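Where a number appears in this text, it was derived from the coordinates with a stated rule and is not lab data. Everything numeric in this text was worked out from a predicted model, so none of it was measured. All Cβ positions, glycine included, derive from the backbone under ideal geometry; neighbour counts span all protein chains shown.
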Amino acid sequence: MRRPLYAPPEEFSISPLLSILPQRGTVGKLAALTPSLLARYEKVSALHKGLVDSPDRAALKKVVAEEAMLRQVLEWLDVKV
């Protein structure tokens, strides 16, 4: 299902990824989510590039924060982005 461009962010994008870590806190358990995380990172990076000249600084701030969070998790998983 496609979402409207200006729809509020998905719950996943505003919740810290730490909330989905296993109780033991093992980052390696996130390896099964690598394709999804990488796809989301690519989507957010493209959105970031599209918002660079946007006057909506709040949206840009959220996108930059999500992109940084996803980049960090992918670095933990040794995925080159």
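Could you order peptides 64-72, 28-36 by the average number of other Cβ atoms within 10 Å of their residues, highest first?
For the peptides 64-72, 28-36, the packing ranking is 64-72, 28-36.
Expressed in nm to one decimal, what extension gain is obtained for the pair residue 59 and residue 71 from 0.36 nm per residue of sequence separation less their Cα-Cα distance?
Full extension from residue 59 to residue 71 adds 2.5 nm.
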